[in-house]
Amino acid sequence: MPADALPIPRVETVTAERNLRRVYLDALKRPLVGEVTISGSQRAAAGTTVVVPADVRARLVDGVLEVSLPAGTYSLAATLRTVDGVTVTDREDVTLD
């Protein structure tokens, strides 16, 4: 017996989304690798779509973090590694208007 078809998710754009871009490099301008935990503090909604302030992780691509987020205040906590294998951390609070 075939399985029931799953509903197709409909994703609505949350109003007031902003782009956030950070480039993480070492002192020799080499890109770092790692992850950034993004912690929000506000709920955003558009129609039937709700974005809750849950912690999420984003992986760096060639040292670049580039995400689109609803307007609000966020805490960025990065765990990074250099090409030499040294682990470093970085923390930053950002407000996207």
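Yes/no matrix, rows are residues, columns are (1) over 14 Å from Glu35 (Cβ atoms); (2) more than 11 Å from the chain's Cα centre (by Cα); (3) β-branched (Val, Ile, Thr):
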site	(1), (2), (3)
Val61	no, yes, yes
Leu65	no, no, no
Leu69	yes, no, no
Tyr74	yes, no, no
Asp84	yes, yes, no
Val88	no, yes, yes
Arg91	no, yes, no
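Annotation note: Cβ proximity below 9 Å between a residue of the range 52-71 that is modelled with pLDDT under 95 and outside any strand (DSSP E or B) and a residue that is exposed (fewer than 10 other Cβ atoms within 10 Å of the Cβ) and not small (Gly, Ala, Ser) (sequence gap 6+ or interchain) occurs for Ala71/Thr95; Ala71/Asp97.
One residue stands out among those in the range 52-97 that are among the small types (Gly, Ala, Ser) and at negative phi: the one that is surrounded by the fewest Cβ atoms within 10 Å (Cβ to Cβ), which is Ala54. The set of residues in the range 9-51 that are in a loop (DSSP other than H, G, I, E, B), surrounded by 11 or more Cβ atoms within 10 Å (Cβ to Cβ) and either hydroxyl-bearing (Ser, Thr, Tyr) or modelled with pLDDT of 85 or more (or both) comprises Thr13, Thr15, Tyr24, Asp26, Arg30, Leu32, Gln42, Arg43.
The values are calculated or read from the model by the stated rules, or taken from the named source; none is laboratory data. Source: prediction; values computed, not measured. Neighbour counts are summed over all protein chains in view; Cβ atoms, including those assigned to glycine, are modelled from backbone coordinates with ideal geometry.
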